[in-house]
Amino acid sequence: MSKRLLKYAVRFTLIFISLIGFYFLLAFCFSRITINAHPKNKAEVAIYILSNGIHTDIVMPAANKDFIWTDKIPYSNTLEADGTYHYLAVGWGDRKFYLETPAFSDLKLTTALKAITGLSTSAIHATYYQYLREDENCKKVMISHDQYQQLIQYITNSFQVDSSGHFIKVNTNIHYDKGDAFYEAKGSYSIFKTCNTWTNAALKSCGQRSCLWTIFDTGILEKYN
């Protein structure tokens, strides 16, 4: 009996490892396939793809003639941001992960398991910046006003709203930065939809270079080297 159980355990382990390997192989291959390889852009609005080495955000003007983000995401929801903060970074992710894991050393097994299974809720992390510096983790992309409107629609549709149409701020005192705040979002994080999958879809929505599918930031950033 014990030999049979051991046999099944070994078989299950090998299948599990194979599935994990296949998952990462697919993620690698699909991230190398480029969608919208030659976008028809006009140099009218500057947006940025910002990565911290793992997670990506879309960065936009805090306010311009196309959209005033400060009306939807007021500076007053942050600790110190004000009119000198001209850029807004928006990222989507697992709500519990955002609020309980400011550093990977804080990661709990239960949080990770709920995130990858898609059983938890999501949140949007919005951060105002005074300035940005272009480098290997911050890519500038010039798009048209029409493309920017498409991007705005995708991002605003990712927020949960109240009966008056206002974005719903997460009731928390947690901040990563003096210019950030968290908002309730639509959808669930999973192994098939990560923060970088959301960013990739945002780029697809406005006709920019993107991956067929990706779970990592590298696939996205490589499109803009």
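The values are calculated or read from the model by the stated rules, or taken from the named source; none is laboratory data. Since we're looking at a predicted model, the values are computed, not measured. Here the Cβ positions follow ideal geometry from the backbone for every residue, glycine too, while neighbour counts run over all protein chains shown. Accessible surface is based on the protein model in full, side chains and every heavy atom, while ligands, DNA and RNA are left aside. Shrake-Rupley method; radii C 1.70, N 1.55, O 1.52, S 1.80 Å.
Being under 23 Å from residue 137 (Cα atoms) and open to solvent by 70 Å² or more (accessible area, probe 1.4 Å) is a condition met by no residue of the range 58-75. Of all residues in the range 22-48, those being free of Cβ contacts under 8 Å to residues at least 12 places away in the same chain and farther than 18 Å from residue 194 by Cα number 1.
Taken over the range 37-57, the criterion of being surrounded by 15 or more Cβ atoms within 10 Å (Cβ to Cβ) and not charged (D, E, K, R) is satisfied by 39, 41, 45, 46, 47, 48, 49, 50, 51, 55, 56.
For the range 49-68, the tally of residues that are free of Cβ contacts under 8 Å to residues at least 24 places away in the same chain and either under 19 Å from residue 205 (Cβ atoms) or in contact with an Asp or Glu (Cβ under 6 Å, 6 or more places away or on another chain) (or both) stands at 1.
Can you confirm whether residue 189 is touching a residue at least 40 places away in the same chain (Cβ under 8 Å), over 22 Å from residue 81 (Cα atoms), crowded, with 17+ Cβ neighbours inside 10 Å and out of contact with any Leu (no Cβ under 9 Å at 6 or more places or on another chain)? Yes; evaluated as a whole, the condition is true for this residue. In summary, strands (runs of 3 or more DSSP E) completely within the range 120-185 and bearing 2 or more residues that are of a type in the set (Ser, Thr, Tyr) and crowded, with 16+ Cβ neighbours inside 10 Å occur at 122-129. For the range 135-175, filtering for residues that are free of Cβ contacts under 8 Å to residues at least 12 places away in the same chain and among the β-branched types (Val, Ile, Thr) leaves 1.
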